[in-house]
Protein chains: 2
Amino acid sequence: MEKAVTEKRPPAVVLLSGGLDSATCMAIAREQDFAIHALSFRYGQRHEYELDRAVALAKHFDAVSHRIVEINLSQFGGSALTDQSIVVPKADSVEQIGNEIPVTYVPARNTVFLSLALAFAETIGSVDLFIGVNSLDYSGYPDCRPEYIAAFQTMANLATQSGTSGRKLTIHTPLINLTKGEIIQTGLRLGVDYSMTLSCYDPGPGGKPCGHCDACLLRQKGFNENHLQDPAG
Amino acid sequence: MEKAVTEKRPPAVVLLSGGLDSATCMAIAREQDFAIHALSFRYGQRHEYELDRAVALAKHFDAVSHRIVEINLSQFGGSALTDQSIVVPKADSVEQIGNEIPVTYVPARNTVFLSLALAFAETIGSVDLFIGVNSLDYSGYPDCRPEYIAAFQTMANLATQSGTSGRKLTIHTPLINLTKGEIIQTGLRLGVDYSMTLSCYDPGPGGKPCGHCDACLLRQKGFNENHLQDPAG
């Protein structure tokens, strides 16, 4: 926090998972000239490779600070992403992804993450939160939709000292209406090195993507739309 | 969770701090014939005496389950309740409590707690959350007001699988419009033993109330209104 004295840019809290979307979201926050305070979570996820990527990405994008908060959502269970005994669904193409909320949905995950981001934002005097949710090429999670984000923002402005003192708090979701292809285009323009990101729900040793979970299939679709090879292999 | 098989009452998640309000709130949930799943937090609070009280209260009220979730809000700082270097304000009467949000406000605390309660509720199939917030005899925290709770409920119904599948989620706040005196009256009618509760923000050794923080003064006011002696001394 030593940089705060000379820091003139407004502070923004950026949720950073280490995946393609949050990396792009952070690049956008930086382009908009915010001082980035990255926030990641050790929440009992299946693998921690993504946290290593988050650390490297925060450094790459000159984040003013990066915190990894411990909150064990696996103690509640109920998701393939936090319960090793539930199998992550696999398919061969995005067309095979169902319309129902899948077992990889973690109950209230974005609400928990945004709430903790809100707590952190208030302590550093920030009224700008960035989250890389997307409601087009996504797994169908309810907490990725625009109406959910709008409701969270309304609640957040009633919840906090900053919100109630007239400084309006904004949940920025720059990716929410982009296709995966458009997200990648945006990121490439802003210098995101996608070889540093990891999207897979269920990677093998060393963080090797499985290639068949929803996240891998959607990522592949994005690179295909741009006629590009995924640099992460 | 073994009781679940024969349990016919609907499950409710009850936030339980170990204080006077949450104990009364739990008694109300039990009277309304919910199966109680109590939830407490080790969040970096100044003292853990209240958690011992929470454990005893959950047992006393036959909670089906009681979880204590670890979430270190003190790493963000910014509150006298999580930062030992900030002094808890003391006074001699409730009239001396200011109108501004005090330093005991923990940024976004109720939002973080309710979010985790929401995650837990979804994994046990509950759509009923109880929280003992009060907006009359309180410290002026923004996240205790009815408009905040209403906004959280709207958000929660958009955030979750249960909310979006047509099972409406309710945040129950049975104490929100009661005076401290009325809360105590209600609790006594429902068999709450207030000697088991601890309200003080800054207790001494053994959990002895300081008698001068906002929480102690408001509690004293409640017993005074009922012409009763506080059984906790």
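The values are calculated or read from the model by the stated rules, or taken from the named source; none is laboratory data. All values derive from a computational prediction rather than experimental measurement. Every residue, glycine as well, gets a Cβ built from its backbone with ideal geometry; the counts of neighbours run over all protein chains shown. SASA here: full protein model, heavy atoms, side chains in, ligands and nucleic acids out. Shrake-Rupley method; radii C 1.70, N 1.55, O 1.52, S 1.80 Å.
Which loop trypsin sites (Lys or Arg not before Pro) in the range B:164-231, with loop taken from DSSP, have no more than 15 other Cβ atoms within 10 angstrom of their Cβ?
Counting only loop positions with at most 15 other Cβ atoms within 10 Å, the trypsin sites (Lys or Arg not before Pro) in the range B:164-231 are B:R167, B:K168.
Where the label is 7 Å out from Cα toward Cβ, how close does A:Q229 come to the same position in every other copy, in nm, shortest first?
8.4
With a point put 7 Å past each Cα toward its Cβ, work out how far A:D33 is from A:D52 in nm, to one decimal.
Computed distance between label sites A:D33 and A:D52 equals 3.8 nm.
How about the range A:59-141: which GluC sites (Glu not before Pro) there are in a DSSP loop, with at most 13 other Cβ atoms within 10 Å of their Cβ?
Sparse-neighbourhood loop GluC sites (Glu not before Pro): A:E100.
Out of all DSSP beta bridges in the range B:11-225, what portion is antiparallel? Express it as a percent rounded to 5.
Numbers: 1 of 18 bridges.
About 5 percent, rounded to the nearest 5.
Decide, for the range B:11-225, between rounded, prolate and oblate: order the square roots of the alpha carbon gyration tensor eigenvalues as a ≥ b ≥ c, take rounded if a/c falls under 1.5, and otherwise choose prolate if a/b is larger than b/c, else oblate. If you can, show how the numbers build up before the last one.
On the way: a/c = 1.55, a/b = 1.35, b/c = 1.15.
Prolate shape, in that a/c is at least 1.5 and a/b is the bigger ratio.
What percent do you get for the relative contact order of chain B when only Cα pairs under 8 Å and 6+ apart count?
Once normalised by length, the contact order is 24 percent.
Starting from the residue with the highest accessible area, list B:K59, B:K90 in decreasing order, probe 1.4 Å.
Details: B:K59 165, B:K90 100 Å².
So, going from the largest accessible area down, we get B:K59, B:K90.
Using a cut-off of 15 Å between alpha-carbon atoms, which aspartates and glutamates can reach B:K59, once sequence neighbours fewer than 8 places away in the same chain are excluded?
B:E50, B:D193
Using a 1.4 Å probe over the heavy atoms of the protein chains, calculate the carbon and sulfur portion of the accessible area of chain B as a whole percent.
The C+S portion of the solvent-accessible surface of chain B is 51 percent.
For A:T179 and A:T164 in the same chain, what is the full-extension length gain: residue separation times 0.36 nm, less their Cα-Cα distance, in nm?
1.9 nm is the gain from fully extending A:T179 to A:T164.
Leaving out ligands and nucleic acids, and using a 1.4 Å probe, what accessible area per residue does the range B:1-70 come to in Å²?
For the range B:1-70, the per-residue accessible area is 44 Å².
Between copies, how far apart are the B:I86 label points? List them in nm, one decimal, shortest first, with each point 7 Å from Cα toward Cβ, please?
The answer, with the shortest distance listed first, is 3.6 nm.
Using 7 Å Cα-to-Cβ label points, what is the B:E100/A:L228 separation (nm, one decimal)?
About 5.0 nm, to one decimal.
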